[in-house]
1. If the only charges are +1 at each Lys and Arg Cβ and -1 at each Asp and Glu Cβ, what is the size of the charge dipole of the chain around the Cα centre, to the nearest 20 debye?
2. What are the principal axis extents of the Cα atoms in the range 519-648, in Å, biggest first?
3. Any chance you could tell me what percent of the C-alpha pair distances in the range 484-565 go past 18 Å?
4. Using +1 at the C-beta of Lys and Arg and -1 at the C-beta of Asp and Glu, which of Ala608, Ile576, Gly619 has the Cα lying farthest in the positive direction of the dipole of the range 562-628?
5. Using a 1.4 angstrom probe on heavy atoms only, work out the carbon and sulfur share of the accessible area of the chain in %.
6. Ignoring ligands, DNA and RNA, what accessible area per residue does the chain give at 1.4 Å, in Å²?
7. Whole angstrom only: what separates the Cα centroid of the range 195-212 from the Cα centroid of the range 317-342?
8. In whole Å and largest first, what semi-axes does the C-alpha gyration tensor of the range 353-505 yield when each eigenvalue is scaled by 5 and square-rooted?
Amino acid sequence: MRNWKFDPVEFDKYPVYEGNDLGVFWSADKTMVKVWAPSATRIFFRLYREGFGGDAEVEHDLEQRDNGIWLLELSGDWNGWYYTLQVRDNYGWLLEGPDIYARSTGINGRRGMIFNPDETNPEGWSADEHVVPVSPTDMVIYETHIRDFSMSPDSGIQHKGKYLGFTETGTKTSTGEKTGLDHLDELGVTHVHLLPVADFYTVDERKEAPQYNWGYDPLNYNTPEGWYSTDPTDGRVRVKELKQLVKALHDQEIGVILDVVYNHTGLINESYFNQTVPGYFYRQKEDGSFSDASGCGNELASERAMVRKYIVDSVMYWASEYHIDGFRFDLMGVLDIETMNAIRESLDTINPNIFLYGEGWTAGKSPLEKKRRATKRHTLKLDRIACFSDDMRDGLKGSAFDQFSTGFISGHTLQEERLKFSMVGALKHDQIAYDYVESSKGPWANEAAQCINYVSCHDNFTLFDKLQYSCPEASKAQIERMVRLALGIVLTSQGVPFLHAGSEMMRTKGGHHDSYRSPDLLNQIDWSRKHEFHNLFLFTQKCIELRRQHPAFRMSSAKMINEKMRFNGKYIPGIIQYELGDYANGDSWKRIQMLFNGNNYSVELEIAKANWLVIAEDGEINPNGIGRMTTGKVRIHPTSMMILVVED
């Protein structure tokens, strides 16, 4: 029995390799195999006809070279063959599996695949380009799961639960509402954030039986998940179909963001990292056992040279091979600041506008010094990398971890300063009283582009379910008003707006708060709700249209936000009032008055007398205007947003 406890000091003695050619690379006349395994004493490389089952037909020894490198050059064309490595070290033989850089695998990720990547490119791929904005504040991000997006019987999508579900057009519900790709285009979002598509451990790709997982349990970091492909037995199919998804979205001028999980692995002792260089890729406690800041049994040691290199190489591969436009880092606080900035620097060589953001927290204690962690409080040290604003999330609806807590939209006052702080993009602003910002006692962003504003995501309750718990006496119509106000605030605030798929149609998961392995019935987007809550969909659509038409809502300069965004100095419980003035950010409107009422009763407010064009009032919104007023007082309806503008 191998003892899985380690002395981290020994890992510092391992040599570092700086080349960009680790892994298995095909060409017509030879296949090159290069593995970094400094603790190995021997490595076997086995070749198989199939990705699962059967015996190896060919076996080779790798040759040891300098800097911990092991090398094999295979003559001939091995396109379509599968392979494994097996490492021996001073303690004996480790388990057989693919190399850690495997770019595709057989079924269930147990064998790597040798393939010609050019054969996986869909038609027109060479002309496909990244969809990235000049400023991240121009983005509207829509988060979804591959399977959730299409599984509903009423989705009208043929390739249910598959990558190809995103490529279908003309899909509709039984009542004629657009779904799928056409829905994204109709809604007006700029980017789709996909929950993990890298090969994960928990689903069995051999089975047709119902099974489900979000995918936050990585197995092969550089391989697309086969569960979402039409043929998981052929490793080339998953690669091609993911590229088809990307191209279909790019053809609609919608960017693709991948949710990546470099903070932990799904397996620990049996992981391919530990079966190649035992212990090195993970952090250890003082007793030598694995530490667990991820809450999943382990955490990657991103601060070690070859772990950092691996993460950077992996992100670069996804960005270049799949034309990915952004990355969301799960539990980014587990990773170190230097690694995150190294990722940013490397991606700049592909496209400096590829967007990076993440969760600025951990799920447990870590031996990594706090000052080195890429947490929200250290966003100021991150180069063009954004963080989620739990300030806005919890300020709007109450704590994400307490189903009964309430927030601004559900009538809980004293949340105003927290929301004002989020509305300016988590910046330093001379009108924010930071002592009253419950979750952040100071600015944590350099520019608004570093602040991801949201009210809900795949984690915890959907917004609708949360409000049902926290406001049990509220009618469905009242809850819809709260959702509308929340989405209106998210979509008009400075920073980068982020929407949980289905929130625009009151998505529910039946009250379940952690549906990572719940059945499709709970997780799938119920497209029939688009008809039931069509007015909410239209409101969300118009808010997105407003944001995209008017640059005042997406200022990228902290200096400009301080100058052009000014709050009403008088405090009224449950009310937030500010003005975007002087043609902010080159807007065509001279003045924009923003009024938000979180109370469940109407409130009369004083405003300057002017020839105001009413853009939004009591759930109705139209960027072209819905009426005019000249009075110096307005009455704002309960739980609603009001927008008034002076055109010139």
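The values are calculated or read from the model by the stated rules, or taken from the named source; none is laboratory data. Given the structure is predicted, the values throughout are model-derived calculations rather than measurements. In this analysis, Cβ positions are derived from the backbone assuming ideal geometry, glycine residues included, and neighbour counts consider all displayed protein chains. SASA here: full protein model, heavy atoms, side chains in, ligands and nucleic acids out. Shrake-Rupley method; radii C 1.70, N 1.55, O 1.52, S 1.80 Å.
1. Working: 70 positive and 92 negative charges, 339 e Å.
That gives the chain a dipole magnitude of about 1620 debye.
2. Reported extents, whole Å, longest axis first: 52, 34, 27.
3. Numbers: 1772 of 3321 pairs.
Tail of the P(r) past 18 Å holds 53 percent of the pairs.
4. Ala608
5. Details: 11110 of 24190 Å².
Of all accessible area on the chain, carbon and sulfur atoms account for 46 percent.
6. Details: 24190 Å² over 648 residues.
Dividing the accessible area of the chain by its residue count gives 37 Å².
7. 23 Å
8. Calculated on Cα positions only, the semi-axes equal 26, 17, 15 Å.
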